[in-house]
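In what follows, a structure is listed as structure tokens, so that the remarks can point back to it.
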Amino acid sequence: MMKKIAKITTCFLIIGLLFVSIFSGASVEAANNQTLGYYEQKLAQYKKEAEENANAINLTQSQINNANQEIARLRNETTTLTNEVKELTEEIEKCEQQIKDKLAESKQVLEYMQLSNDRNVYLDYVFKADSITDLINRNYVVQELMAYNDKTIKDLEQIIEDNKAREEEIKIRKEKINATQAQLESSIVSLGEKKESLQTGGVDIKAQIKIYEELVNSYKKLGCKSNDVIGVDCAVTGGTGVFRRPTQTGYITQEMYYTPSYTHRAVDIGSKKGRGEKIYPIADGRITSIYKDYYGALCLAIEHKNILDGKYYTSLYVHMSSYAPGLKVGQTITSNQYIGYMGDTGKAYGVHLHIEVIPCRLYNDSNCYTWNKYTAFAVNQIKNGYNIRKLINFPKGSNAWSSR
């Protein structure tokens, strides 16, 4: 019995230590997220990624250039081989004609060596010699001529055979060249797609670098040092320099847009987690409204001051299924504190977050001191090119994200 109790106690102790480890790790991460050093590290990370991306682009372009050079070399080799085949073919035709000529010449010599009209022309040719020496010489000439023709014909036949063998070699080589060229061309297409992807990723990395450079420089101007906790040790004005995504995971289902008949003042965000997706403020700020709209949607508004441009912004979160506990109007809140869960309350077609971010203070400045003023101001801003994507780094189109 005591052994069982000891085992149970040990299990609870291990579980307790795990929880302590997890929560202490989370608190350390949260603390790091609030220091200037954290943002400096993020900036260094993105700069390193940008350098690696640039190197990868250069390497890919070099591979494309090498492939193009190899294709050009193969084309030149193909042209050279084609010209060689033409020369070999011409030489074969020439040799075949020479063989025909030599055969005709040999035939004539043989005719003189045969009996004609009961006379031995060869003997007649031989015995017309003036002397024994002349006779021997004439006999030798006939034999040498026949031997020479036979050798010439064999040499010509060997040339023809060699040329045809070379033509077959060239044919095989050209087939290999065509196959290699096709592989290289396919490789160039793949490398081009890779380069385009790297360039697109490079644009996103540059955008992140710009955000964090402005953020770090702004906090440094406010006297922050690497180990300073933002808003505690420095930058205590409550301003924020970077806007984050409001969900840990998600994707855009509808963009912000303007038409003369209707303006969508927000982006709509969906998530595979559905109602299990937590909603976070896009930046540190102060809660200015918690309410239900005309259709019954749970809404919450937060006011932010951006230290990068000195402007105030209002972020409005609509259709939440529930609020986080303990929220109240006037409360200051950080971007790491969740405010509720994604939902479909009110006039909503499916679970999603409708989030508006407008450069004014709802109910608190001349542009937006009433709801009608706010909506009119927002429409005019969007009409003139304002877009939430300029503040928050959402992936292109409806691509999903998995971090804030």
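The values are calculated or read from the model by the stated rules, or taken from the named source; none is laboratory data. For clarity, every value in this text was computed on a predicted model and none was experimentally measured. Because the Cβ atoms are built from the backbone with ideal geometry, glycine has one as well, and the counts that use them run over all protein chains shown.
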Looking only at the stretch 311-330, which residues are within 18 Å of P246 (Cβ to Cβ) and in a loop (DSSP other than H, G, I, E, B)? S321, A324, L327
Can you confirm whether T314 is closer than 24 Å to N380 by Cα, touching a Lys or Arg at 6+ places or on another chain (Cβ under 7 Å) and either polar (S, T, N, Q) or not assigned by TED's automatic domain parsing to the domain that holds C368 (or both)? yes
I'd like the full set of residues that are over 18 Å from A67 (Cβ atoms) and either surrounded by fewer than 13 Cβ atoms within 10 Å (Cβ to Cβ) or small (G, A, S) (or both), limited to the stretch 165-209. A165, E168, E169, K171, I172, E175, T200, G201, G202, V203, A207
Search the stretch 290-310 for residues being in contact with a Gly (Cβ under 8 Å, 6 or more places away or on another chain), among the aliphatic types (A, V, I, L, M) and in a strand (DSSP E or B), and hand back the single one that is farthest from Y323 (Cα to Cα). I302
Collect the residues in the stretch 360-373 that are out of contact with any Pro (no Cβ under 9 Å at 6 or more places or on another chain), buried (at least 16 other Cβ atoms within 10 Å of the Cβ) and closer than 20 Å to G310 by Cβ, keeping them in residue-number order. C360, R361, L362, C368
Taking the stated definitions as given, is K86 within 30 Å of E70 (Cβ to Cβ) and at pLDDT 65 or above? yes
Determine, yes or no, whether E161 is free of Cβ contacts under 8 Å to residues at least 40 places away in the same chain and closer than 30 Å to Q61 by Cβ. no
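Taking the stretch 227-263 as the search range and keeping residues that are in a strand (DSSP E or B) and modelled with pLDDT of 90 or more, which one is nearest to G340 (Cα to Cα)? Give the derivation first.
Filtering the stretch 227-263 for residues in a strand (DSSP E or B) gives 229-230, 234, 240, 250-254, 257-258, 263.
Filter once more, keeping what is modelled with pLDDT of 90 or more: 250-254, 257-258, 263.
Details: G250: 15, Y251: 18, I252: 19, T253: 20, Q254: 21, Y257: 26, Y258: 29, T263: 26 Å.
This residue is G250.
Between I177, I172, I211, which is of a type in the set (A, V, I, L, M, F, W, C) and under 24 Å from the mean Cα position of the chain (by Cα)? Don't jump to the end; show me each part of the working.
Values: I177 fails: under 24 Å from the mean Cα position of the chain (by Cα); I172 fails: under 24 Å from the mean Cα position of the chain (by Cα).
Being of a type in the set (A, V, I, L, M, F, W, C) and under 24 Å from the mean Cα position of the chain (by Cα) holds for just one of I177, I172, I211, which is I211.
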Which of (1) polar (S, T, N, Q); (2) under 16 Å from A266 (Cβ atoms); (3) surrounded by 14 or more Cβ atoms within 10 Å (Cβ to Cβ) is the odd one out, the single condition N380 does not satisfy? (3)
Listed by first then second residue, the pairs whose first member lies in the stretch 64-82 and is of a type in the set (F, W, Y), whose partner is modelled with pLDDT of 90 or more, with beta carbons under 7 Å and at least 6 positions apart or on separate chains, are none
Return yes when A72 is surrounded by fewer than 16 Cβ atoms within 10 Å (Cβ to Cβ), hydrophobic (A, V, I, L, M, F, W, C), at pLDDT 85 or above and part of a helix (DSSP H, G or I) and no when it is not. yes
Name the residue that is surrounded by the fewest Cβ atoms within 10 Å (Cβ to Cβ), counting only residues in the stretch 293-331 that are closer than 16 Å to L391 by Cβ and among the polar types (S, T, N, Q). N306
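In the list T345, T375, which residue meets the criterion of being assigned to a loop (DSSP other than H, G, I, E, B) and assigned by TED's automatic domain parsing to the domain that holds A324?
Just a single option satisfies the conditions, and that option is T345.
Among the residues of the stretch 210-227, write down those that are among the small types (G, A, S) and either over 19 Å from A283 (Cβ atoms) or loosely packed, with under 15 Cβ neighbours inside 10 Å (or both). It would help to see each step written out before you state the result.
So in the stretch 210-227, the residues among the small types (G, A, S) come out as 218, 223, 226.
Answer for the stretch 210-227, where residues must be among the small types (G, A, S) and either over 19 Å from A283 (Cβ atoms) or loosely packed, with under 15 Cβ neighbours inside 10 Å (or both): G223, S226.
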